[in-house]
Ligand SMILES: Cc1ncc(COP(=O)(O)O)c(C=O)c1O
């Protein structure tokens, strides 16, 4: 980013890429095959010894513009854009791990990430230690001399718990382990894990980076050697490449990231405060609330508290009734959209968990997750207020 502000960088990042005819918008380079000026140049580009494009799976000009933009916004040496957030997570982990390696993972993870560890990485011989809670002391006891990766998601889903990235990175690096952070909930507007010592950041760009609920994409960003391994080994073999049009959509979304996040941060905090005062809401989870158990860490580690919150009503029946009664909020999964999205966690994203797993993750039957959109905040509050009357 250099000296320019984050908001300025969001508008201009990535636009230095070859745009032809002076177009301010990066063109959608709809090509999967690229020609070379000579056989020698062809060989050098193909082997990754010279920058350039040769085949769509390994990169395209529009994708490269997106990668440059995300690398700049996160402060990373390099980035790799992928077809989905899960592809970014899979490539990141496989680029860092070999069979028989040891992985320490935060206990509360996005359910598909948790399933990736359990149903894919463990069966191929990667040993996984799960740490309940997000506190550094728990992690410390799980770290071993053969730990290769510590994997975090902060803030976490759906309880918005935080991990102390700086402290964990220090402890992990002492045993030679890499730190990967899923920063999807925060975005680089609110948190820059690489500056806190993480080695790699992964995003579901489907969420805030794209921001409009009209694409599926992912990105991993950080140390050049790891990103290059992800591209030249894992992308080459597994192939979850991003389509040029989707890369362009994420780039377009990024241009408004700062203004969207500024508004979503402010609205989410206001809604969290409204809910915290409401008699029918026994608990609200949002890092911006002074009552959040890690509010001090949030102030230290984040530059904004984010647009996500969750809250509890008495039981599942009441949660469903409330969700059925909202008129403005959209009943939908996913997050980071311009529209406010509401979901009953235990029947959607946490539905694949057993009751015991849900309990361990702190997901109560009455837990509702809200991804705050760009509507006027008073309108969202009014919608929630009228829906709460029904419960
Ligand atoms: C925190 C987090 N990480 C990763 C993902 C996976 O991203 P995608 O759906 O783009 O594959 C999600 C999806 O909901 C998520 O919430």
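The values are calculated or read from the model by the stated rules, or taken from the named source; none is laboratory data. Predicted model, so just to flag it, every value in this text is computed and none were measured. Cβ coordinates were reconstructed from backbone atoms using ideal geometry, including for glycine residues, and neighbour counts include every protein chain displayed.
In the stretch 173-188, the qualifying residues are those that are part of a helix (DSSP H, G or I) and under 18 Å from residue 221 (Cβ atoms), and the one that is farthest from the ligand (Cβ to nearest atom) is 188. Of all positions in the stretch 331-341, none carries a residue that is loosely packed, with under 15 Cβ neighbours inside 10 Å and touching a residue at least 24 places away in the same chain (Cβ under 8 Å). Scanning the stretch 54-91 for residues that are at pLDDT 95 or above and part of a loop (DSSP other than H, G, I, E, B) turns up 59, 60, 75, 76, 77, 83, 84. Please determine whether any residue of the stretch 155-170 is more than 20 Å from residue 201 (Cβ to Cβ), within 13 Å of the ligand (Cβ to nearest atom) and touching a helix residue (DSSP H, G or I) at 6+ places or on another chain (Cβ under 7 Å). Yes; the residues of the stretch 155-170 include at least one that is more than 20 Å from residue 201 (Cβ to Cβ), within 13 Å of the ligand (Cβ to nearest atom) and touching a helix residue (DSSP H, G or I) at 6+ places or on another chain (Cβ under 7 Å). With respect to the stated conditions, residue 196 is surrounded by fewer than 23 Cβ atoms within 10 Å (Cβ to Cβ) and under 17 Å from residue 306 (Cβ atoms).
Go over the candidates 215, 220 one by one and state the one that is surrounded by 19 or more Cβ atoms within 10 Å (Cβ to Cβ), out of contact with any strand residue (DSSP E or B) (no Cβ under 8 Å at 6 or more places or on another chain) and either touching a residue at least 12 places away in the same chain (Cβ under 8 Å) or in a loop (DSSP other than H, G, I, E, B) (or both).
Testing whether each residue is surrounded by 19 or more Cβ atoms within 10 Å (Cβ to Cβ), out of contact with any strand residue (DSSP E or B) (no Cβ under 8 Å at 6 or more places or on another chain) and either touching a residue at least 12 places away in the same chain (Cβ under 8 Å) or in a loop (DSSP other than H, G, I, E, B) (or both) leaves just 215.
Taking the criterion of being assigned to a loop (DSSP other than H, G, I, E, B) and within 16 Å of residue 202 (Cα to Cα), the only residue of the stretch 92-107 that qualifies is 97.
Report whether or not residue 121 is in contact with a helix residue (DSSP H, G or I) (Cβ under 9 Å, 6 or more places away or on another chain), closer than 29 Å to residue 354 by Cβ and modelled with pLDDT under 95. So residue 121 does not fit the description; no.
Report yes if residue 229 is out of contact with any strand residue (DSSP E or B) (no Cβ under 8 Å at 6 or more places or on another chain) and more than 13 Å from the ligand (Cβ to nearest atom), otherwise no. First the steps, then the outcome.
On the way: out of contact with any strand residue (DSSP E or B) (no Cβ under 8 Å at 6 or more places or on another chain): yes; more than 13 Å from the ligand (Cβ to nearest atom): yes.
So residue 229 passes the test.
Can we say residue 211 is over 21 Å from residue 149 (Cα atoms), away from the ligand (no atom under 12 Å from the Cβ) and at pLDDT 95 or above? Yes: the conditions hold for residue 211.
Of all residues in the stretch 39-53, those satisfying the criterion of being part of a loop (DSSP other than H, G, I, E, B) and out of contact with any helix residue (DSSP H, G or I) (no Cβ under 7 Å at 6 or more places or on another chain) are 47, 49, 51.
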